[in-house]
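The values are calculated or read from the model by the stated rules, or taken from the named source; none is laboratory data. Just so it is clear, the model here is predicted, and its values are computed rather than measured. Every residue, glycine among them, receives a Cβ derived from its backbone with ideal geometry; neighbour counts consider all protein chains shown.
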């Protein structure tokens, strides 16, 4: 694994997630989808929630390296149980 990947993995492990539509400060949920490199979908209490990774900015799907960013995030978290720490509601709302 390259140094870039090791650093990225560490950042993802320690990153705080920002949640939209959730009132809890901290909870666990299963990752059920990857929208792009910095946005995932989780299943929480039977409902799908969109989570944007706080402090991470990745290319969008149609931009250069967008599909690689999405693939990388997917390999790290898809199907896993993650700890969500709500930082703030983002400008896009629920």
Margin query: Residues to consider are 35, 30; find the one that is assigned to a strand (DSSP E or B), surrounded by 14 or more Cβ atoms within 10 Å (Cβ to Cβ) and out of contact with any strand residue (DSSP E or B) (no Cβ under 6 Å at 6 or more places or on another chain).
Written below: 35
Item checked: Of all residues making up the stretch 1-59, the number that are under 13 Å from residue 82 (Cβ atoms), modelled with pLDDT under 55 and in contact with a helix residue (DSSP H, G or I) (Cβ under 8 Å, 6 or more places away or on another chain) -> 1
Next item on the list: Scan the stretch 67-83 and report the pairs whose first residue is under 10 Å from residue 29 (Cα atoms) and whose second residue is buried (at least 17 other Cβ atoms within 10 Å of the Cβ), with Cβ atoms within less than 6 Å and a gap of 6+ or a chain change.
Entry: 80/31; 82/31
Check: Which of the residues spanning the stretch 38-85 are surrounded by 18 or more Cβ atoms within 10 Å (Cβ to Cβ) and in a loop (DSSP other than H, G, I, E, B)?
Finding: 38, 58
